[in-house]
Amino acid sequence: MNKVLIFLFLLAIVFSCKEESPKPKPKAYLALNYEEPSYDTLNINCAYQFLKNKNAHVTPSKSNRNCWININYPNQKAQLYITYNSIDQNLKELLVDAQKLPLEHSIKADEIEANVFEDVNKRTFGTLYEIKGDAASQAQFYITDSINHFLTGSIYFDATPNYDSVLPAAEYIKNDLRKIMESLAWKK
């Protein structure tokens with residue numbers, strides 16, 4: 001009888017201690033929901049104009065260069081630095097500088113994707129560089145008419161570069177960069 005009681009006791013212990021095995025938790029993703037952008041024309045006393053996100057704020061550049069501006073994205077904690085140069089037999093130098101700038105991020109970048117932009121009717125030609133990885137800038141562009149005007153833009157975040165963390169904000173602002181390039185018009 002002792003053996004039967006011991007057997008039942010051990011059997012009760014084995015079945016009473018049965019727990020489900022631990023399961024890994026699903027991956028969590030940062031959910032940043034930004035307001036749908038709406039645009040109005042940035043019409044300043046410069047040789048260019050374009051559509052600007054109404055949620056972004058324009059300030060003059062600290063460089064004191066004519067028609068250089070900063071577009072601040074407070075919700076994304078980012079700045080878009082816009083520079084303008086007149087072409088004076090220096091198109092090649094301006095192009096080399098604009099194409100060299102994204103390559104400076106290649107040390108930290110995993111990939112740099114160049115998207116060519118061209119609108120013959122508006123005489124706007126350029127390239128948008130999308131920089132993937134822990135680089136300081138996630139996107140840069142240049143756009144020109146190849147005769148008189150040359151505009152560049154670079155986006156920088158007010159944070160240590162961490163691609164996974166800034167990705168939602170970077171994608172939001174890259175859409176604005178596309179809108180700027182598509183809507184850009186040179187003033188006569």
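At-a-glance table
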read-out	value
The chain - mean residue ellipticity at 222 nm from DSSP helices (-39,500 (n - 2.57) per run, n ≥ 4, rounded to 500)	-8500 deg cm²/dmol
Rel. contact order, % - alpha carbon contacts under 8 angstrom, at least six apart, the chain	20
Entries in Lys122/Lys187; Lys132/Lys174; Lys100/Lys132; Lys52/Lys187; Lys100/Lys187 that, when Cα-Cα distance is taken, lie over 21 Å	Lys100/Lys187
Nearest 10 degrees, 0 to 90: helix 91-103 Cα axis against the chain principal axis	10
Neighbour-limited loop hits for trypsin sites (Lys or Arg not before Pro), segment 136-187 (at most 13 other Cβ within 10 Å; DSSP other than H, G, I, E, B)	Lys187
Inverse mean reciprocal Cα-Cα distance (Kirkwood Rh) of segment 36-186, Å	15.6
0 to 90° range, to nearest 10: angle between helix 163-183 axis and the chain longest Cα axis	30
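Bear in mind these aren't lab numbers, they're just calculated from the coordinates by the rules spelled out. Everything numeric here is computed off the predicted structure, so don't read it as measured data. All Cβ positions, glycine included, derive from the backbone under ideal geometry; neighbour counts span all protein chains shown.
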